[in-house]
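S.K.: What follows is a single structure, and I will ask about it in a moment.
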Amino acid sequence: MKNKKDNLSYDEAISRLENLVNQLEDGEQSMDDLTKMVKEASSLVKICKHKLKMTAEEIRKAFDEE
């Protein structure tokens, strides 16, 4: 079963990461919330890295075909 986050676009993931960073900078989270937020941020970073890697591969393939 796919996670809802697997369907996020790059822009949606980046936007959520920015939101998390802003909340973390606020510094008013409980330890439990902080842990959840860091785990979510880590997951979002992985999604973004994967999407960037896939885009780079597609661009490379497009140039190789020319």
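S.K.: Conditions first: (1) loosely packed, with under 10 Cβ neighbours inside 10 Å; (2) at pLDDT below 90; (3) assigned to a helix (DSSP H, G or I). Lys5 passes all but one, so which condition is the exception?
M.R.: (1)
S.K.: Take the range 28-43 and flag every residue that is of a type in the set (Ser, Thr, Tyr) and modelled with pLDDT of 95 or more.
M.R.: Ser42, Ser43
S.K.: A follow-up question, please. Could you give me the residue pairs with C-beta distances under 8 Å whose first residue belongs to the range 16-42 and is of a type in the set (A, V, I, L, M), whose second residue is assigned to a loop (DSSP other than H, G, I, E, B) wherever it lies, and which are 6+ apart or on separate chains?
M.R.: Met37/Gln29
S.K.: Any residue at all in the range 16-27 that's modelled with pLDDT of 90 or more, within 27 Å of Thr55 (Cα to Cα) and acidic (Asp, Glu)?
M.R.: Within the range 16-27, one or more residues are modelled with pLDDT of 90 or more, within 27 Å of Thr55 (Cα to Cα) and acidic (Asp, Glu).
The values are calculated or read from the model by the stated rules, or taken from the named source; none is laboratory data. What you see is a predicted model, and the numbers here were worked out from it, not measured in a lab. Note that each Cβ is placed from the backbone with ideal geometry, even for glycine, and that neighbours are counted across all protein chains shown.
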